[in-house]
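K.L.:
Let me give you the structure first, and then I'll get to my questions.
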Amino acid sequence: MLQNNCCFKLLAILIETTKTFYMTRILTLAIFLLGNIQAVCAQKIEPIDSLYLDKLPDFLKKANSIKDEVWPGMKIGPFCIYRSNGPIFLMNHPKPPANATSLGNGIYMLNQSEYTLMGTTQTEINHYLTAQNHYDQSFYISETQFYSELFHELHHVFQRNYIKKLQFDNPADILTYPEDYRNDAIKQYENELLLEMLSGPAAQFKSNLNKFYSCRVIRKKIIGDKYLDYEKSVESLEGPATYCEYRYMKKFSSSEKELEYIHKRFFYSLAEPIYGREGLRNKNLLTGMSQCLLLSRNFKNWQQEYYASGLMLNDYFFSKFKPRQVKLPDLSGYEARSRYFTNMEKEKHAQHFQAFNGQAGLKITLLFNSSPALKSFDPMHAEAINDSLVIHATSLKLGKDSNDYFEMTNQAVLTVINKEVWFVKGVTLYVPQNAIQVNGKTIICKTANVNINWRFINLEKRENEYIVTLE
């Protein structure tokens, strides 16, 4: 009886908050609520869930209607939307999990506790790569913006399933990317040239193209092949996906605020100054998108040729436009600003390291007898303090076997590395007092953000610190 009461209350909330929605959707969800009491009570349907759930079928129609116009040959794979600690709604999946609950219209609901989805990315659901996006983010101005990002992720699913020659970026490279004011100054000018090529006079296009090419030639001498190739690999992967996001947003936007968002997201942000490593990867999404836009304006059906070529996007771009090297104008103004702000970025690293060491709580230092497997980390929120120290802010998973593991989410953790982020020599973090348990020769720590279970060789307890040598 209590379960039925719960279900009827949820149904009342749903009807109250969806008065403007089509009645067929309300009835569909009503049947679902009444017929699947236990699942619904475990995962309460909030008004925000209904807002995005209602537009899922429309998104699939729009994605199918635009895909060949935007990227000929693109296939639309499975996708899902969700919020943290809430339901997952899955659609266009060829084989939904056996425990998925059908909502009708080809939509299925999954239990978040079984999948623990995080971020806007792609993940395997029942052995099929699936695009995902979460709507519990306050910066969304409209559902169109949200679904344009999901279309972005669907292009990544297409890339990973069908474009075998595509070169992926090494996420570790951004941590050691050179913070050199000369490179930052030229890169700022280079991005402004891209914007000029997109929106400036057609008569200046060739001149700007040659200067853009020349910027890359000079920067290659400053930062070397490795780091310029890192930028180009991000452009190659993310440029097409961001181009798809832009085209979806542009086609289906209808309000003034959405048009303002398009300008800010895709064009103003391209020329907005950045220095050091801060925002570097995000900027390469836009430089890659810009090259895709320029290719589309000048060449028909270039997309399939590009993917078949095996070239990086920037190399393909130059092969089509055939620029030449020219002398750049005086960039002393760019260099003056860059020298100041790039040095500020370097100083921030020292400040962040000091703040990390000034935390309250019990200090735990884990020293690895042999380097563990780095199973995952978030390169967008990892900061290299120097060549051997990296602070991870959002996610880090290490492991040796099923019995030895380290998992962190949304807590600062310092790693000591051996030349590259993949080779971890030690970990330092701060946890609440009494968070550590010792079970025989195993150290255990379970908090809201940290989960550690690892066998140790030696354990030293100091006044407010554990120093542990792990197997």
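The values are calculated or read from the model by the stated rules, or taken from the named source; none is laboratory data. Computed from a predicted structure; not experimentally measured. Cβ: placed from backbone, ideal geometry, glycine included. Neighbour counts: every protein chain shown. Keep in mind that these areas ignore ligands, DNA and RNA; they rest on the heavy atoms of the full protein, side chains included. Shrake-Rupley method; radii C 1.70, N 1.55, O 1.52, S 1.80 Å.
K.L.:
Could you say which residue among Asn386, Asn369 is open to solvent by 20 Å² or more (accessible area, probe 1.4 Å) and under 30 Å from Gly279 (Cβ atoms)?
P.N.:
Sole residue among the options that is open to solvent by 20 Å² or more (accessible area, probe 1.4 Å) and under 30 Å from Gly279 (Cβ atoms): Asn386.
K.L.:
In the set Ile76, Ile81, Ile66, which member is open to solvent by less than 50 Å² (accessible area, probe 1.4 Å), outside any loop (DSSP other than H, G, I, E, B), in contact with a Lys or Arg (Cβ under 9 Å, 6 or more places away or on another chain) and of a type in the set (Val, Ile, Thr)?
P.N.:
Ile66
K.L.:
Determine whether Ser309 is over 30 Å from Glu383 (Cα atoms), surrounded by fewer than 19 Cβ atoms within 10 Å (Cβ to Cβ), modelled with pLDDT under 95 and not aliphatic (A, V, I, L, M). Before the answer, list the steps.
P.N.:
On the way: over 30 Å from Glu383 (Cα atoms): yes; surrounded by fewer than 19 Cβ atoms within 10 Å (Cβ to Cβ): yes; modelled with pLDDT under 95: no; not aliphatic (A, V, I, L, M): yes.
So Ser309 does not fit the description; no.
K.L.:
Quick check on this structure: which one of Ala185, Ala172, Ala203 is open to solvent by 60 Å² or more (accessible area, probe 1.4 Å) and farther than 27 Å from Tyr248 by Cα?
P.N.:
Of the residues listed, the single one that is open to solvent by 60 Å² or more (accessible area, probe 1.4 Å) and farther than 27 Å from Tyr248 by Cα is Ala203.
K.L.:
Taking only the stretch 121-135 into account, find how many residues are over 24 Å from Tyr246 (Cβ atoms), in contact (Cβ under 8 Å) with a residue 24 or more places away in the chain and open to solvent by 30 Å² or more (accessible area, probe 1.4 Å).
P.N.:
3
K.L.:
Now for a separate question. Identify, by number, the condition in (1) closer than 18 Å to Ser84 by Cβ; (2) over 21 Å from the mean Cα position of the chain (by Cα); (3) among the acidic types (Asp, Glu); (4) at pLDDT 95 or above that Asp180 doesn't meet.
P.N.:
Tallying (1) closer than 18 Å to Ser84 by Cβ; (2) over 21 Å from the mean Cα position of the chain (by Cα); (3) among the acidic types (Asp, Glu); (4) at pLDDT 95 or above, Asp180 fails exactly one: (1).
K.L.:
Next question, about the same structure. Being in contact with a strand residue (DSSP E or B) (Cβ under 9 Å, 6 or more places away or on another chain) and either of a type in the set (Gly, Ala, Ser) or more than 15 Å from Tyr248 (Cβ to Cβ) (or both) is the filter here; which residues of the stretch 57-80 pass it?
P.N.:
Those that are in contact with a strand residue (DSSP E or B) (Cβ under 9 Å, 6 or more places away or on another chain) and either of a type in the set (Gly, Ala, Ser) or more than 15 Å from Tyr248 (Cβ to Cβ) (or both): Pro57, Ala63, Gly77, Pro78, Cys80.
K.L.:
Conditions first: (1) in a helix (DSSP H, G or I); (2) more than 20 Å from Pro96 (Cβ to Cβ). Leu150 passes all but one, so which condition is the exception?
P.N.:
So the condition that Leu150 fails would be (2).
K.L.:
Let me ask another. Could you please let me know if Ser376 is modelled with pLDDT under 95, open to solvent by 70 Å² or more (accessible area, probe 1.4 Å) and of a type in the set (Gly, Ala, Ser)?
P.N.:
Spelling it out, it is not the case that Ser376 is modelled with pLDDT under 95, open to solvent by 70 Å² or more (accessible area, probe 1.4 Å) and of a type in the set (Gly, Ala, Ser).
K.L.:
Residues being within 22 Å of the chain's Cα centre (by Cα) and either closer than 16 Å to Val450 by Cβ or of a type in the set (Val, Ile, Thr) (or both): count how many of those fall in the stretch 358-380.
P.N.:
4
K.L.:
Given (1) without any contact (Cβ under 8 Å) to a residue 40 or more places away in the chain; (2) open to solvent by 50 Å² or more (accessible area, probe 1.4 Å); (3) out of contact with any helix residue (DSSP H, G or I) (no Cβ under 9 Å at 6 or more places or on another chain); (4) over 20 Å from Gly239 (Cβ atoms), identify the lone condition not met by Met118.
P.N.:
(1)
K.L.:
Sticking with this structure for a sec: Just give me the residues in the stretch 287-302 being open to solvent by less than 10 Å² (accessible area, probe 1.4 Å) and either in contact with a strand residue (DSSP E or B) (Cβ under 6 Å, 6 or more places away or on another chain) or of a type outside the set (Gly, Ala, Ser) (or both), in sequence order.
P.N.:
So the first thing to find is which residues in the stretch 287-302 are open to solvent by less than 10 Å² (accessible area, probe 1.4 Å), and the list is 287-292, 294-295, 302.
Result: Thr287, Met289, Gln291, Cys292, Leu294, Leu295, Trp302.
K.L.:
Report, ordered by the first and then the second residue, all pairs with beta carbons closer than 9 Å, sequence separation of six or more or different chains, a first member in the stretch 292-318 that is on the phi > 0 side of the Ramachandran plot, and a second member that is aliphatic (A, V, I, L, M).
P.N.:
Qualifying pairs under 9 Å: Gly310/Leu166.
K.L.:
Across the stretch 312-345, which residue is farthest from Cys292 (Cα to Cα) among those that are among the basic types (Lys, Arg) and surrounded by 14 or more Cβ atoms within 10 Å (Cβ to Cβ)?
P.N.:
Here the residue is Arg339.
K.L.:
Quick check on Glu383: is it assigned to a strand (DSSP E or B), of a type outside the set (A, V, I, L, M) and more than 18 Å from Arg455 (Cα to Cα)?
P.N.:
It is true that Glu383 is assigned to a strand (DSSP E or B), of a type outside the set (A, V, I, L, M) and more than 18 Å from Arg455 (Cα to Cα).
K.L.:
Continuing with the same structure: How do the pairs read when you match residues in the stretch 372-394 that are more than 15 Å from Asn357 (Cα to Cα) with residues anywhere that are among the small types (Gly, Ala, Ser) and assigned to a strand (DSSP E or B), using Cβ under 8 Å and keeping only pairs 6 or more apart or on different chains?
P.N.:
Pro372/Gly399; Ala373/Gly399; Lys375/Gly399; Ser376/Ser395; Phe377/Ser395; Asp378/Ser395; His381/Ser395
Okay, residues lined up against (1) open to solvent by less than 20 Å² (accessible area, probe 1.4 Å); (2) in contact with a Lys or Arg (Cβ under 6 Å, 6 or more places away or on another chain); (3) in a helix (DSSP H, G or I):
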residue	(1), (2), (3)
Leu195	no, no, yes
Ser207	no, no, yes
Asn210	yes, yes, yes
Lys232	no, no, yes
Ala241	yes, no, yes
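K.L.:
Of all residues in the stretch 255-273, which are without any contact (Cβ under 8 Å) to a residue 40 or more places away in the chain and in a loop (DSSP other than H, G, I, E, B)?
P.N.:
In the first step, residues of the stretch 255-273 are kept if they are without any contact (Cβ under 8 Å) to a residue 40 or more places away in the chain; the result is 256, 259-260, 262-266, 268-269, 272.
Within the stretch 255-273, just Glu272 meets the criteria.
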